[in-house]
């Protein structure tokens, strides 16, 4: 057996005063050895747990996203209140003791002591608030990365444009050839083709490969 369960005497409960379970018949005391899975992601269960001693990890898609090692921490409440499958796997990383409130008894528990339900909802709201803050921060970071990529892309296009202008300024190509090559380049990009502006110039015989290479060598010497 990876874990053991037994009824708990009221004197053994030392939880936060806000979550004071009034009836021993509505919960049980469980012991989980290191490596035991307390909750499995995707399970359709709704028990609520309160950590008494030990430490557990929170894993989503086999990736550790959190650690719970503070006594009296509640976990597993989202499945009950939201009616969803377990969103994470909880695994004991050291021998741990938890109070288990079976899903089928939670209604009676809250009925007998409504303030417990209120506190559990506060915990759930706090978790959702934290998740929302994280999602908002992540969205801001993603937008910042996108802005930086756009800036770099703009710099790259600006650099290419300056090369194009130099080819025109120094007489390597005519204004008509530059306009035609740019139009062709835009159309190919719109079709999803990966083609350089210089290749278009060569393909259209506006420049020879030798002339282009000579120009690029001279440009590097500037």
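The values are calculated or read from the model by the stated rules, or taken from the named source; none is laboratory data. Owing to the predicted nature of the structure, the values given are computational and were not obtained by experimental measurement. Heads up, the Cβs are rebuilt from the backbone with ideal geometry, glycines too, and the neighbour counts pull from every protein chain shown.
Tell me which residues, restricted to region 183-202, are over 15 Å from residue 164 (Cα atoms), assigned to a helix (DSSP H, G or I) and touching a helix residue (DSSP H, G or I) at 6+ places or on another chain (Cβ under 9 Å).
188
Taking region 203-222 as the region of interest, how many residues are in a helix (DSSP H, G or I) and surrounded by fewer than 15 Cβ atoms within 10 Å (Cβ to Cβ)?
10
Restricting attention to region 103-117, does a residue exist that is at pLDDT below 75, surrounded by fewer than 17 Cβ atoms within 10 Å (Cβ to Cβ) and under 30 Å from the mean Cα position of the chain (by Cα)?
Yes, there is a match, as at least one residue in region 103-117 is at pLDDT below 75, surrounded by fewer than 17 Cβ atoms within 10 Å (Cβ to Cβ) and under 30 Å from the mean Cα position of the chain (by Cα).
So if I check each of 67, 128, 51, which one is part of a helix (DSSP H, G or I) and either farther than 18 Å from residue 29 by Cβ or in contact with a strand residue (DSSP E or B) (Cβ under 9 Å, 6 or more places away or on another chain) (or both)?
Matching residue, one of 67, 128, 51: 128.
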